[in-house]
Amino acid sequence: MKAAGVRLVTADWVAERTGSDDFLLLDPRSPVRYLSGHIASAVSVPWTSLWDGEGNLRPAEELADRLGAAGLDDRRAPVVYDGVDGRHGAMLAWILVYLGRSDAHLMDVFFETWQAEGREVYYRRVEPVARGFRWRRVDAVRASREEVLRDGALRIDFRGADEFSGETDTEGRPGHIPGARHLAWQELGGGNGRLLAPAERLVGLLKARGIAEGGSAIAYCRSGPRAALGFLALRLAGRDVRLYDGSYADWVRSGLPVETGRGGPAGRDGRPGGNQPGIGPGARRAWRRTKPNYFR
């Protein structure tokens, strides 16, 4: 299966290529988890190293430098795997696509499944051989704050239900981006340790949530990783989607309007109905008069 330039591959496929000079295994888990067990020849690229001290995704040049330092070059195809829930593996896979890689692979089961199946596990750090690769930024897969504000694309929030409704406050201003639809990231999983549900099940889930076919969508969560899973799921289901990596944290920092509540039903076009009016032109004008100067 392939989603947005990312090929989902089985554990058997990964096992057959472990140690091959044609592939580079990348592990985005924390250093502690990595040293608690990892796939042979996998290089540690902690997901935290891909963000700056203010919680923003690093610029494309820095991301490319860090992946090059991990050993990625033009010849070796990257293979990503993850544990627990897969969100950081999905984010790293999205970053590879954003940097112009069309050969990214993502293991379709979690590391815990690999381990439970009795496959080989290593416990020592693999020292990377620094390389470099020719990268090009693919803006078509990324949505900026300004694009979210002015774009007519359907906004989909992949956080938990309580975060979306405002019952749980993570940013000091609880709620969601006005007009957004909600689809919890946990619902995208395939069960039995699988990263994502099959494409046909994802299509059915989207239809059940009133997310109609056609048109474009923007995926967001709190800071990007959960929405990266949503991005891959929507692409697997054949939808046109971009990732707002700044997500709700960036939106709130910018002083933009938010809504609370679980939202009304979707209209016939799959866009929000009920009490979700969306982002009106008045709000856009007010924000532009006071917008901060830290656009990325």
Legend entry - Candidates 131, 173, 142, 137 - the one that is surrounded by 20 or more Cβ atoms within 10 Å (Cβ to Cβ), basic (Lys, Arg) and either touching a residue at least 60 places away in the same chain (Cβ under 8 Å) or over 13 Å from residue 216 (Cβ atoms) (or both): 142
Inset, instruction - Answer yes if at least one residue in segment 284-295 is in contact with a strand residue (DSSP E or B) (Cβ under 9 Å, 6 or more places away or on another chain), at pLDDT below 95 and either within 30 Å of residue 59 (Cα to Cα) or not in a helix (DSSP H, G or I) (or both), and no otherwise. - result: no
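So, in segment 14-44, of the ones that are polar (S, T, N, Q) and outside any strand (DSSP E or B), which residue ends up nearest to the chain's Cα centre (by Cα)? Talk me through it step by step, then tell me what you get.
Looking only at segment 14-44, we keep the residues that are polar (S, T, N, Q), and these are 18, 20, 30, 36, 41, 44.
So of that shortlist, the ones also outside any strand (DSSP E or B) come out as 18, 20, 30, 36, 41.
On the way: 18: 25, 20: 27, 30: 17, 36: 25, 41: 25 Å.
Among those that are polar (S, T, N, Q) and outside any strand (DSSP E or B), it is 30.
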Inset, instruction - Spot the failing condition for residue 52; the list is (1) surrounded by 17 or more Cβ atoms within 10 Å (Cβ to Cβ); (2) in contact with a Lys or Arg (Cβ under 6 Å, 6 or more places away or on another chain); (3) closer than 22 Å to residue 222 by Cβ, and only one is missed. - result: (1)
Legend entry - Selected residue [within 23 Å of residue 21 (Cα to Cα) and basic (Lys, Arg)] from 58, 134, 150, 87: 134
Legend entry - Qualifying residue in segment 118-125 (condition: in a loop (DSSP other than H, G, I, E, B), among the acidic types (Asp, Glu), closer than 18 Å to residue 28 by Cβ and modelled with pLDDT of 95 or more): no
Legend entry - Where a residue in segment 236-256 is within 30 Å of residue 8 (Cα to Cα) and in a loop (DSSP other than H, G, I, E, B) and its partner, wherever it lies, is of a type in the set (D, E, K, R) and modelled with pLDDT of 95 or more, with Cβ under 7 Å and at least six apart: 245/142; 246/145
Legend entry - Among (1) farther than 25 Å from residue 189 by Cβ; (2) in a helix (DSSP H, G or I), the one test that residue 53 misses: (2)
Inset, instruction - List every residue pair whose Cβ atoms sit under 6 Å apart, with the two residues 6 or more apart in sequence or on different chains, where the first one lies in segment 204-220 and is under 24 Å from residue 251 (Cα atoms) and the second, anywhere, is in a helix (DSSP H, G or I) and among the aromatic types (Phe, Trp, Tyr). - result: 219/231
Legend entry - Pick from segment 176-199, criterion touching a residue at least 40 places away in the same chain (Cβ under 8 Å), in contact with a helix residue (DSSP H, G or I) (Cβ under 7 Å, 6 or more places away or on another chain) and not in a loop (DSSP other than H, G, I, E, B), ranking: nearest to residue 217 (Cα to Cα): 182
Inset, instruction - Report the residue count in segment 147-168 for those that are in a loop (DSSP other than H, G, I, E, B), at pLDDT 95 or above, charged (D, E, K, R) and over 23 Å from residue 86 (Cβ atoms). - result: 1
Inset, instruction - Being touching a helix residue (DSSP H, G or I) at 6+ places or on another chain (Cβ under 9 Å), closer than 30 Å to residue 101 by Cβ and small (Gly, Ala, Ser) is the filter here, so list the residues in segment 140-175 that pass it. - result: 153
Legend entry - Failed item, numbered, when residue 69 is tested on (1) farther than 27 Å from residue 244 by Cα; (2) more than 21 Å from the chain's Cα centre (by Cα): (1)
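Considering only residues that are buried (at least 19 other Cβ atoms within 10 Å of the Cβ) and either at pLDDT 95 or above or not in a loop (DSSP other than H, G, I, E, B) (or both), which ones fall in segment 258-282?
Step one: filter segment 258-282 for residues buried (at least 19 other Cβ atoms within 10 Å of the Cβ), giving 259, 263, 270-272, 276, 279.
Once the filter is applied, which keeps residues that are buried (at least 19 other Cβ atoms within 10 Å of the Cβ) and either at pLDDT 95 or above or not in a loop (DSSP other than H, G, I, E, B) (or both), segment 258-282 yields 259, 272.
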Inset, instruction - Could you check residue 125 against (1) under 24 Å from residue 186 (Cβ atoms); (2) surrounded by fewer than 16 Cβ atoms within 10 Å (Cβ to Cβ); (3) in contact with a strand residue (DSSP E or B) (Cβ under 7 Å, 6 or more places away or on another chain); (4) not aromatic (Phe, Trp, Tyr) and say which number it fails? - result: (1)
Inset, instruction - Please state which of the following conditions residue 187 fails to meet, knowing it meets all the rest: (1) at pLDDT below 95; (2) surrounded by fewer than 16 Cβ atoms within 10 Å (Cβ to Cβ). - result: (1)
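Among the residues of segment 144-158, what is the count of those that are farther than 20 Å from residue 212 by Cα and of a type in the set (D, E, K, R)? Spell out the reasoning first.
Keep residues of segment 144-158 that are farther than 20 Å from residue 212 by Cα, which gives 144-147, 149-150.
Filter again for of a type in the set (D, E, K, R), leaving 145-147, 150.
Count: 4.
The values are calculated or read from the model by the stated rules, or taken from the named source; none is laboratory data. None of these values were measured; they are calculated from a predicted model. Because the Cβ atoms are built from the backbone with ideal geometry, glycine has one as well, and the counts that use them run over all protein chains shown.
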